[in-house]
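J.: Would you mind keeping the following structure in view while I ask a few things?
Just so it is clear, none of the values below were taken in a lab; they were calculated from the coordinates. From a predicted model like this one, the values you see are computed outputs, not experimental measurements. Note that each Cβ is placed from the backbone with ideal geometry, even for glycine, and that neighbours are counted across all protein chains shown.
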Amino acid sequence: MAQNMILLLFVIYRLISTVGLTVDPTALLRLNPGGQLSTDQSDLDSASWDFGGLSRAAPPAAVVRPSSAADVSAVLRASHASARAFPVSARGHGHSINGQARAPGGVVVDMHHGVASRAARGIPVFSPSLGGYYVDVWGGDLWIDVLNWTLSNGGLAPKSWTDYLYLTVGGTLSNAGISGQAFHHGPQISNVYELDVVTGKGDMVTCSEKENPELFFGVLGGLGQFGIITRARIALEPAPQRVRWIRVLYSNFTAFTKDQEHLISLHGAAHQSQRFDYVEGFVIVDEGLINNWRSSFFSPRNPVKISSLGDNNNNNNNNNNGGIFYCLEMTRNYDESTAGSIDQEVEALLKELEFIPTSVFTTDLPYVDFLDRVHKAELKLRAKGLWEVAHPWLNLFVPASRIADFDRGVFAGILGNKTSGPILIYPMNKHKWDERSSVVTPDEEVFYLVALLRSALPDSSESTQSLEYLSKQNQQILDFCDESGIEVKQYLPHYRTQSDWARHFGPKWERFLRLKSEFDPKFILGTGQGIFQSISSISSSPFSS
């Protein structure tokens, strides 16, 4: 059955490729969408570029800014009904890395800059059957706008976040959406109750765990392959007022990961005071990063000097990995009613950890300011002209059982003591991820995100900061994992061959193909991901034998 499905998909794809993947903009103009349709060269050029800045493809023939889900449906129906089906991709805030939202010669649906957002945003509602609050929002809404909306309408907030809030709801739900709250609440895809989706055939479908569940779970983490999310019903909780933000340092990787895994094991604590609300970490191979990375946590007038901290913790005196340090950051949320006990609660939790004793740094700030911390750093980089550079990022899920091997081979090995951006590392609990979604994670209860968020500086005098060098280093890291038998999974995946995609999805691959044939049989959606473009022969299929 799987081989027949591969054959069917291959024949359809070859037919579309032979006929052509271009669209006459005048055909779209006849659709008369209620939003806006642009063929201006500046809009087309913008839609062919993304945050990664790694490559530029041929521009789309048109950009549509929808006013409703019906506009999205009209574009997809036009393509699906045409003898010359053209590619259609949803674009959120353009934050993809490898051109995933591009549609060369086709149509880019600009979900964020459409005119649908506020009109499609509902007032937060309490649902007795769900046991909590939710809000309905447009798929092109930015998470920062959702936050501000729910705070101003009931003092509520979504449960799960990404570190950067200027991403669209549909964009993060098409991947997973993770941050330091994922160990407790799960990723963002585990905190959505219902979706409205426009499939590749142009059908407008409402789906949930009980209604059209195959589409619902397929779209969550589905990389935009089965439909465009036009509405999402997001789980909410009462928002805290303030945050106690703590950072501590380690020189011993084993102690660092032991403490991280201990903290995420407390997610089921009966009382909130018995756990932290957010747990992340990062690797410091360059001392300057602790002062400059992602936030104004430390005062620029009093920069932290790692060398001056001292190290009188026996567990941190060993296995220093050549001067590499590891920073663990945690938060505890609180309100005016609980402010009196916050010091005691944090102290009790910190007593269980084995960090360098002199390395505790804390700050208190409003909850919204903490969530929006990366945007503040973005504004500083934009002011210096350092935001719009190439970003050869690599995001990996690493099994906890092999994280120490990864540390030795990558942090202390391949990277040496040079990097050009932050390196995140933090663990998550697999049981907080719904296996019915399209996302693939390592087959262990605890796995780590390792995110190398480097920037390639233009005209850099240092070859170690060039795009070519960093891209080759990313491949070195992937090759090391492969040769060492470390079964990593890419987050925000990017592969060049069909066999690599099949390997990535593993047991989920056959279902992925089946959903593609059901909901997007003409390969209209998400061509920028490159999942199906690489089909060149049936023999390349893992199901051909």
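J.: Count the net charge of all other residues whose Cβ sits under 10 Å from the Cβ of ARG511, scoring Lys and Arg as +1 and Asp and Glu as -1.
T.: Net charge around ARG511: +2.
J.: Here's a follow-up. If the cut-off is 18 Å between C-alpha atoms, which lysines fall inside it for LYS258, apart from same-chain ones fewer than 8 positions away?
T.: Leaving aside lysines fewer than 8 places away in the same chain, those within reach of LYS258 are LYS351, LYS430.
J.: Calculate one ³J(HN,Hα) per residue across the range 172-178 by plugging θ = phi - 60° into the Karplus curve 6.51 cos²θ - 1.76 cosθ + 1.60, and present them in order as whole Hz with x for glycine and proline.
T.: With the stated coefficients, the range 172-178 comes to 6, 5, 6, 10, 3, x, 10 Hz.
J.: Cα centroid distance between the range 177-222 and the range 412-436, in Å?
T.: Centre-to-centre (Cα) distance: 24 Å.
J.: Then there is this: Measure out, as a whole number of angstrom, how far apart the alpha-carbon centroids of the range 353-411 and the range 142-174 sit.
T.: Between the Cα centre of the range 353-411 and that of the range 142-174, the gap is 20 Å.
J.: What aspartates and glutamates sit close enough to LYS380 to cross-link, taking a C-alpha to C-alpha distance under 14 Å and skipping anything fewer than 8 places away on the same chain?
T.: Answer for LYS380, where 14 Å is the Cα cut-off: ASP372, GLU388, listed by chain and number.
J.: Now for a different question. Summing Lys, Arg as +1 and Asp, Glu as -1, what charge do residues with Cβ under 11 Å from the Cβ of SER484 carry, SER484 excluded?
T.: Result for the local shell: -3.
J.: Just to check I understand the Karplus step: with θ = phi - 60° and J = 6.51 cos²θ - 1.76 cosθ + 1.60, what whole-Hz values come out for the range 221-237, glycine and proline as x?
T.: Residue by residue, the range 221-237 yields x, x, 6, x, 8, 10, x, 9, 6, 9, 8, 9, 9, 9, 5, 10, 9 Hz.
J.: Take SER499, SER79, SER359 and order them by how many other Cβ atoms sit within 10 Å, fewest up front.
T.: Ranked by crowding around the Cβ, least crowded first: SER499, SER359, SER79.
J.: What number comes out for the charge environment of HIS431, summing +1 per Lys or Arg and -1 per Asp or Glu over other residues with Cβ under 15 Å away?
T.: Result for the neighbourhood of HIS431: -3.
J.: What is the fewest-to-most order of THR363, THR162 by other Cβ atoms lying within 10 Å of their Cβ?
T.: Fewest-to-most Cβ neighbours within 10 Å comes out as THR363, THR162.
J.: Residue-wise, which Karplus ³J(HN,Hα) couplings in Hz belong to the range 275-280, taking 6.51 cos²θ - 1.76 cosθ + 1.60, θ = phi - 60°, and x for glycine or proline?
T.: Values, residue by residue: 8, 7, 8, 8, 9, 9 Hz.
J.: Among TRP143, TRP245, which comes first, then next, by fewest other beta-carbon atoms within 10 Å?
T.: TRP245, TRP143
J.: Can you spot the lysines whose alpha carbon is less than 22 Å from LYS516's alpha carbon? Ignore those fewer than 8 places along the same chain.
T.: LYS201, LYS210, LYS489, LYS508
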